[in-house]
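A short worksheet on the structure shown next.
The values are calculated or read from the model by the stated rules, or taken from the named source; none is laboratory data. Here the structure is a predicted model, which is why all the values come from computation and not from measurement. In this analysis, Cβ positions are derived from the backbone assuming ideal geometry, glycine residues included, and neighbour counts consider all displayed protein chains. The area values use the complete protein model at the heavy-atom level, side chains included, leaving out ligands, DNA and RNA. Shrake-Rupley method; radii C 1.70, N 1.55, O 1.52, S 1.80 Å.
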Amino acid sequence: MKHLKTQVAIIGAGPSGLLLGQLLAKQGIDNIILERVTGDYVLGRIRAGILEQGFVDLVREAGVAQRMDTEGHVHDGFEIAVNGESTRIDLKQLTQGKTVVCYGQTEITRDLMEAREQADLQILYETSEVKLNEVKSDKPFITFEYQGETYRLDCDYIAGCDGFHGVSRKTIPEDKRTEHERVYPFGWLGLLSDTPPVSDELIYCKSERGFALASMRSETRSRYYLQVPLSDSTDDWSDDKFWDELKKRLPAEAAERLVTGPSIEKSIAPLRSFVCEPLQYGRLFLVGDAGHIVPPTGAKGLNLAASDVSTLYKILTRVYRDGDTDCIDQYSAIALRRIWHGERFSWWMSNMLHDYGSTAVSDMEAETFDRFMDSELDYYLHHEEGQKVIANQYVGMPYEELR
Ligand code: RFL
Ligand code: PHB
């Protein structure tokens, strides 16, 4: 068996693991990242596109913001269209100056991987049989297979940044964790294409045919989504069928402007709300999707991962700088408070904008429910106080400081 030693062992080279690793390294805290797949595979996953200010600030603090600052686009607002009638949520005006940045998760991940390589920091790709041991002791260690050999990695702390399907969460005994979950009865079919975006800003569309989202990655690359039944697969959706359906769900003026082209990626993501409590067990911390999942409607998944990273980074900095090991017990409560806000907002936006089909027991009940929904949309879209509720949550709740 080969032996390795580090201060913080990080499992997973997604945005959570890479960002945490970079921040810790800047503070002189040694870390090693283990990743199950190859770097190219990680970069092939097309996911989030909207970054809150807190995320942007953290990437700057990590010293990896150069490309994001030149190629990312600041968005002052976005549109919500209901049956073709569009309302602009003016983020900047409604939140006293706050905005979001449009820059793809793939690009952030690429920037972080390159920075890590340049700093000669280790990522062990294609590790398997990863097992977390003695996490309740002050000498935890990880065992794994790498390039045909068995390894033991001794460390002080373990950051479980290995996503929803990772091993870290499952290391916490079942009777020591509670998992809250809601699965939605539909998925999002995403399409990426090298075509100019239909609009400068995102358009979230509620229509009688279901939800759609017009998003983007750059002036020449678009990202669109359609609500689809969970039983659909990408084989059911030719590019032509996708574009035809999207045109029917977009407001008419946008549909007329839409430039179509061949897809360069197409995938279906199920929608899920999920929270594991607590997020700390001994010397193991769950970070990002390893501990929680949101439906993508509020653009919160990656942003919640960033606030977890920020909290853990502050804690570990204090541990190594001041020798204050008691502060690790603050992690779960601080992270979870912000996570539940993101969970509730994403759930609420999903409910408001998707078609769930009717579960009403009579026509009258269905009509009453429609009136409730019309009134809810009217309040949140056409009254300033309602718009403020959306805008303030969309730009993100402030990060909480350690005690
Ligand atoms: P990730 O990105 O899933 O990375 C986890 C990494 O851990 C590795 N791993 C392991 N490594 C070693 N050993 C093991 N046993 C391992 N098991 C797993 C995995 O290979 C992977 O590289 O989690 P992280 O870093 O916490 O980042 C979270 C974000 O990726 C996620 O919150 C967002 O992408 C969520 N999300 C979206 N969020 C948004 O804000 N806006 C979006 O539009 C949006 N679209 C999406 C999404 C998530 C999706 N998923 C998870 C299916 C679209 C999709 C399809
Ligand atoms: C995206 O661009 O992929 C995106 C943007 C906003 C969302 C979800 C996805 O709410």
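What to note about this one:
- Highest-MSF residue in the chain out of P296, P229, P197 [GNM, Cα springs under 10 Å]: P229
- Charge dipole of the chain about the Cα centre (unit charges at C-beta), most positive-ward option of V56, L286, G386: L286
- Ordered from largest to smallest accessible area (heavy atoms of protein chains, 1.4 Å probe), the residues D200, D322, D156 come out as D200, D322, D156.
- FRET E, pair R60, M373, Förster distance 35 Å, beta-carbon r, rounded to 0.05: 0.30
- Per-residue extension of 0.36 nm, minus the Cα-Cα distance of E126 and A269, leaves a gain of 49.1 nm for this segment.
- Stretch gain in nm, segment V389-R152, where the contour uses 0.36 nm per residue and the Cα spacing is subtracted: 80.4 nm
- For region 89-100, Karplus couplings with θ = phi - 60° (6.51, -1.76, 1.60), whole Hz, Gly/Pro x: 9, 7, 4, 4, 6, 6, 10, 6, x, 7, 9, 10
- In Hz, Karplus ³J(HN,Hα) per residue of region 16-24 (6.51, -1.76, 1.60; θ = phi - 60°; x = Gly, Pro): 4, x, 5, 5, 4, x, 5, 5, 5
- Average accessible surface for the chain: 45 Å² per residue, computed with a 1.4 Å probe over protein heavy atoms with every protein chain in place.
- In this simple spin-label approximation, K247 and T220 carry label points 7 Å from Cα along the Cα→Cβ vector, and these lie 2.5 nm apart.
- Electrostatic dipole magnitude of region 94-189 [Cβ: Lys, Arg +1; Asp, Glu -1; Cα centre; debye, to 20]: 500 debye
- Solvent-accessible area, 1.4 Å probe, carbon plus sulfur percent, for region 258-403: 55 percent
- Carbon plus sulfur fraction of accessible area for region 130-249, probe 1.4 Å, in percent: 44 percent
- Put the Cα centre of region 73-133 next to the Cα centre of region 158-217 and the gap is 13 Å.
- Given a 1.4 Å probe and the protein chains as shown, E181 ends up with an accessible area of around 100 Å².
- Listed by chain and number, the lysines placed with their C-alpha closer than 17 angstrom to that of K98 are K300, K388; residues fewer than eight positions away on the same chain are left out.
- The trypsin sites (Lys or Arg not before Pro) of region 60-132 include none that meets both criteria, a DSSP state outside H, G, I, E and B (loop) and at most 15 other C-beta atoms within 10 angstrom of the site's C-beta.
- Residue-level accessible surface for K206, protein heavy atoms, 1.4 Å, Å²: 40 Å²
- Against the chain, whose longest principal axis comes from its Cα atoms, helix 384-395 is set at around 30 degrees.
- Estimated FRET transfer efficiency (R321, N351; beta-carbon r; R0 56 Å; 0.05): 0.80
- Reach of K2 by Cα under 26 Å, taken over lysines that are not fewer than 8 positions away in the same chain: K131, K136, K139, K170
- When DSSP beta bridges are restricted to pairs lying wholly in the chain, around 70% turn out antiparallel.
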